[in-house]
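Enquirer: Sharing a structure below in C-alpha cells format, with a few things to ask.
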Amino acid sequence: MSVRQFISPENLLKPFSIVKNTALHGWKEVAKRFGLQEDLYYNPLHKKLSKPVTVILVGAGHRGSIYADYAVKNPREMNIVAVADPNPYRVQKMAKIHKIIPAHCFGTWEEVFKREKFADAVIIATPDHLHTAPCLKALEMGYDVLLEKPIAPTEEECRLILAKTKETGRIVGVCHVLRYTPYFRELKEILDAKMIGEVISIQHLEPIEYIHMSHSYVRGNWRNSKVATPIILAKSCHDTDIIRWLVNEHSENVHCFGNLKWFKSANAPAGSTERCTGGCAVEHDCPYSALQIYYRDRKRLYVFDLPGDKSKWDKLILQGLNTTNYGRCVYRMDNDQPDHLTVNLLFRNGVTAAFSMEAFVSYEGRRTRIMGSMGDINGDMETFVLTTFRTGKKLSWSMKTDAHGGGDHPLVRDWIQAVSQQNPALLSSSIDVSVESHIMAFAAERSRKNLTIENIIV
Ligand SMILES: NC(=O)c1ccc[n+]([C@@H]2O[C@H](COP(=O)([O-])OP(=O)(O)OC[C@H]3O[C@@H](n4cnc5c(N)ncnc54)[C@H](O)[C@@H]3O)[C@@H](O)[C@H]2O)c1
C-alpha cells in the first residue's frame, strides 16, 4: 500500500523544506517527478461508515485508553460499548468517558467472553502474557481484533494466533504504531519510489532513554523477561517490523549481542536503600531517583491512577513510591532485561541491517540511516535529510508529532476501516508479516543467549 495514502496535503507540504543552497526541488515537484501522492494518510479504499464499529476494550490501561480515545474524537466511526479491567478505577473512568452501561463493565477478559457476542470487535491491550488467551477466544467467538504488540510472549503462541486468524477468517490488526508515524510513512514512500535507488543497508538505533528504561524495563511491568517478554520483543518488535517493512523482503539470518550491564545489585552505590524514600544517602545524586522522576519532576504519573484533584497528588505519589515498584532502587529489582543490544540482520535480497537498542542515552526517537545505490537518508524521527549522489543536492523534511510519533490514531482508523469493510488488506501489515517480525525477534533472542547466528524460519 502506498504510504502517501495517509496525511492531509497541508500537513504534507508544511514539513518539507529545502536545505539552503542545495535545493533539488520543492516537495510538490519531487512528488510530481516521482509520481507520489501528496496526501500521506489518504486511502482511496477508505469509505464513509454507515454506522460506528462497536468495540469492547479489554485492558483499560495506558495503551487501551489511547486507542479508546479514538471513539471520543470519531464517534461516527467507533463506539466503545464495553470495558474489562480488574482495576475498578480504570473501568469507571472508561465507563464515564464512553457512557458504557454497568452491565457492560467487566473485571476480566474471561467475563466478557462468557456472554454471547455483543459487539463487532475487541481491542486487546492487556499485559503481554494476557494476549494469547483473549485473542484466541475472541476469534473463536467471531470478533475482529486489534491486538497490542507483542502478539504473544512465545513463538508458539504467535503461530497459534496466526493459525486461528486464518482458520476463522477474522481480522487481526497488530499495533505496529511506527508504520503509521508520518516519519516512517515518508521514508517508506521514498524507498518504494526508488528515490535513493536500491536499498543496500540500514543502520537503525532505538534510544530508549535512561528514565524510560528505568521506568518500564527496570522498575516497571516489562522488567523481567520471564514475567513479560524479552526486551527484544517488548521494545524492539517495533524495530524488527519497521526494518522489515522498509526493506520489503523476508529476513533470513540474525545475530545478536547484548546483556544487562548496569541495573544490578553489584552497581548499587554505598548508602543506597531499598526504596528512594528510605533515606537513601545518594538520592540527590542519582539520575534514576524515583523521588526526582515522579515526585519532583512529575513524569510518567499515569501508573499511579491519580485523581483530577491535583491537591491530592503529593500524598498519593509518595504513597505510590512507598508501596509500588516505582519507588524501589533501580539496583535492587528482580529485573533481567538487557540494557543494550546490537542486532545484525541479513535479508533474502542481500540487504543488511544493523540495529541497536540503547538505554543509556539522554534522548528518545529512533535514528535511521538508509544507504541506497543512488543516495542516502539520515533521520531522527522528526527530521531527515536525503542526499542524491549524482548532484549532491539535499532534501530535508521535518515534522513535530506527539511523544509516540503520531501513529496511534491513524492506526485505529485503518483498523476500523478494515473491520467495517471486512477487508484485512486495509491494514498496513498482514498477520503473516506481523508474526514474521516477531519471529525475527525470537530468533535474535536465541542468538543472544546462545551466541549463535540464527536462521529466521517463517
Ligand atoms: N504499541 C506500542 O507502542 C505499545 C507501547 C507500550 C505498551 N504496549 C503494549 O500494550 C500492552 C498494554 O500495555 P500498557 O502500557 O497499556 O499497560 P497497562 O498496565 O497500563 O495496561 C494493561 C491493563 O490491562 C489490565 N488487565 C490486567 N489483567 C487483565 C485481565 N485479566 N482482563 C482485562 N484486563 C486486564 C490491567 O489492569 C491494566 O489496566 C502491553 O502488551 C504492552 O507491551 C504497546
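Enquirer: Filter region 139-151 down to the residues that are in contact (Cβ under 8 Å) with a residue 40 or more places away in the chain and out of contact with any Leu (no Cβ under 7 Å at 6 or more places or on another chain) and list them by number. Break it down stepwise before answering.
Expert: Initial filter on region 139-151 (in contact (Cβ under 8 Å) with a residue 40 or more places away in the chain): 143-144, 146, 148-151.
Correct list: Y143, D144, L146, E148, K149, I151.
Enquirer: Continuing with this model, one more query. I'm trying to understand the selection: among the residues of region 188-227, which are in contact with a Leu (Cβ under 8 Å, 6 or more places away or on another chain) and in a helix (DSSP H, G or I)? Quick ask: steps written out before the conclusion?
Expert: Residues of region 188-227 that are in contact with a Leu (Cβ under 8 Å, 6 or more places away or on another chain), as a first pass: 188-191, 193, 195-196, 199, 202.
Correct list: K188, E189, I190, L191.
Enquirer: Something else now. Could you go through region 306-323 and let me know if any residue there is in contact (Cβ under 8 Å) with a residue 12 or more places away in the chain and either assigned by TED's automatic domain parsing to the domain that holds A354 or under 24 Å from the mean Cα position of the chain (by Cα) (or both).
Expert: No: zero hits.
Enquirer: Checking the structure you have, find out if any residue of region 166-183 is crowded, with 16+ Cβ neighbours inside 10 Å, without any contact (Cβ under 8 Å) to a residue 60 or more places away in the chain and within 16 Å of the ligand (Cβ to nearest atom).
Expert: Among the residues of region 166-183, not one is crowded, with 16+ Cβ neighbours inside 10 Å, without any contact (Cβ under 8 Å) to a residue 60 or more places away in the chain and within 16 Å of the ligand (Cβ to nearest atom), which makes the answer no.
Enquirer: With R244, R223 as the choices, which residue is within 16 Å of the ligand (Cβ to nearest atom) and among the charged types (D, E, K, R)? Explain how you work it out, then say what you get.
Expert: Working: R244 fails: within 16 Å of the ligand (Cβ to nearest atom).
Matching residue, one of R244, R223: R223.
Enquirer: Would you confirm whether any residue within region 307-321 is assigned to a helix (DSSP H, G or I), within 16 Å of the ligand (Cβ to nearest atom) and at pLDDT 95 or above? Outline the logic, then answer.
Expert: So the first thing to find is which residues in region 307-321 are assigned to a helix (DSSP H, G or I), and the list is 310-321.
If we keep only those that are within 16 Å of the ligand (Cβ to nearest atom) as well, we get 320.
Okay, now just the ones that are also at pLDDT 95 or above, so 320.
Looking for residues that are assigned to a helix (DSSP H, G or I), within 16 Å of the ligand (Cβ to nearest atom) and at pLDDT 95 or above, one finds at least one in region 307-321, hence yes.
Enquirer: Okay, next question. Out of all the residues in region 377-392, is one or more free of Cβ contacts under 8 Å to residues at least 40 places away in the same chain, outside any strand (DSSP E or B) and out of contact with any strand residue (DSSP E or B) (no Cβ under 6 Å at 6 or more places or on another chain)? Talk me through it step by step, then tell me what you get.
Expert: Taking region 377-392 first, the residues free of Cβ contacts under 8 Å to residues at least 40 places away in the same chain are 378, 380, 383, 387, 389-390.
Those still in the list that are outside any strand (DSSP E or B) too: 380, 389-390.
If we keep only those that are out of contact with any strand residue (DSSP E or B) (no Cβ under 6 Å at 6 or more places or on another chain) as well, we get 390.
Yes; the residues of region 377-392 include at least one that is free of Cβ contacts under 8 Å to residues at least 40 places away in the same chain, outside any strand (DSSP E or B) and out of contact with any strand residue (DSSP E or B) (no Cβ under 6 Å at 6 or more places or on another chain).
Enquirer: If you don't mind, another one. With respect to T154, is the statement that it is in contact with a Phe, Trp or Tyr (Cβ under 9 Å, 6 or more places away or on another chain), of a type in the set (S, T, Y) and either over 30 Å from L301 (Cβ atoms) or within 16 Å of the ligand (Cβ to nearest atom) (or both) true? Working first, answer last.
Expert: Details: in contact with a Phe, Trp or Tyr (Cβ under 9 Å, 6 or more places away or on another chain): yes; of a type in the set (S, T, Y): yes; either over 30 Å from L301 (Cβ atoms) or within 16 Å of the ligand (Cβ to nearest atom) (or both): yes.
Yes, satisfied.
Enquirer: Please work out if R328 is surrounded by 13 or more Cβ atoms within 10 Å (Cβ to Cβ), more than 16 Å from the ligand (Cβ to nearest atom) and either modelled with pLDDT under 95 or of a type in the set (K, R) (or both).
Expert: yes
Enquirer: Let me ask another. Pull out all pairs, ordered by first then second residue, where Cβ-Cβ is under 7 Å, the residues are six or more apart or on different chains, the first lies in region 342-359 and is outside the structural domain of A234 (by TED's automatic domain parsing), and the second is in a strand (DSSP E or B) and not hydrophobic (A, V, I, L, M, F, W, C).
Expert: none
Enquirer: State whether the residues of region 277-296 include one that is of a type in the set (D, E) and either in contact with a His (Cβ under 7 Å, 6 or more places away or on another chain) or modelled with pLDDT under 95 (or both). Don't jump to the end; show me each part of the working.
Expert: First, the residues of region 277-296 that are of a type in the set (D, E): 283, 285.
Then drop every residue that is not either in contact with a His (Cβ under 7 Å, 6 or more places away or on another chain) or modelled with pLDDT under 95 (or both), which leaves none.
No.
Enquirer: Just give me the residues in region 293-306 being more than 21 Å from P88 (Cα to Cα), in a helix (DSSP H, G or I) and within 16 Å of the ligand (Cβ to nearest atom), in sequence order. Talk me through it step by step, then tell me what you get.
Expert: At the first step, the residues of region 293-306 found to be more than 21 Å from P88 (Cα to Cα) are 293-299.
Going one step further and asking which of them are in a helix (DSSP H, G or I), we end up with 293-296.
Y294, the sole residue that qualifies.
Enquirer: Do we have S356 as modelled with pLDDT of 95 or more, among the small types (G, A, S) and surrounded by 15 or more Cβ atoms within 10 Å (Cβ to Cβ) here? Spell out how you get there, then give the answer.
Expert: Working: modelled with pLDDT of 95 or more: yes; among the small types (G, A, S): yes; surrounded by 15 or more Cβ atoms within 10 Å (Cβ to Cβ): yes.
Against the criterion (modelled with pLDDT of 95 or more, among the small types (G, A, S) and surrounded by 15 or more Cβ atoms within 10 Å (Cβ to Cβ)), S356 qualifies.
Enquirer: In region 108-134, how many are acidic (D, E) and closer than 19 Å to L160 by Cβ?
Expert: Filtering region 108-134 for residues acidic (D, E) gives 110-111, 116, 120, 128.
Those left that are additionally closer than 19 Å to L160 by Cβ: 110, 128.
Count: 2.
Enquirer: I'm told S311 meets every condition in (1) within 22 Å of I453 (Cα to Cα); (2) surrounded by fewer than 21 Cβ atoms within 10 Å (Cβ to Cβ); (3) polar (S, T, N, Q) except one. Can you identify the failing condition by its number?
Expert: Of (1) within 22 Å of I453 (Cα to Cα); (2) surrounded by fewer than 21 Cβ atoms within 10 Å (Cβ to Cβ); (3) polar (S, T, N, Q), only one is false for S311: (1).
The values are calculated or read from the model by the stated rules, or taken from the named source; none is laboratory data. Please read all numbers here as calculations on a predicted model, not as lab measurements. Cβ sites come from the backbone with ideal geometry, for glycine too, and all protein chains shown count toward neighbours.
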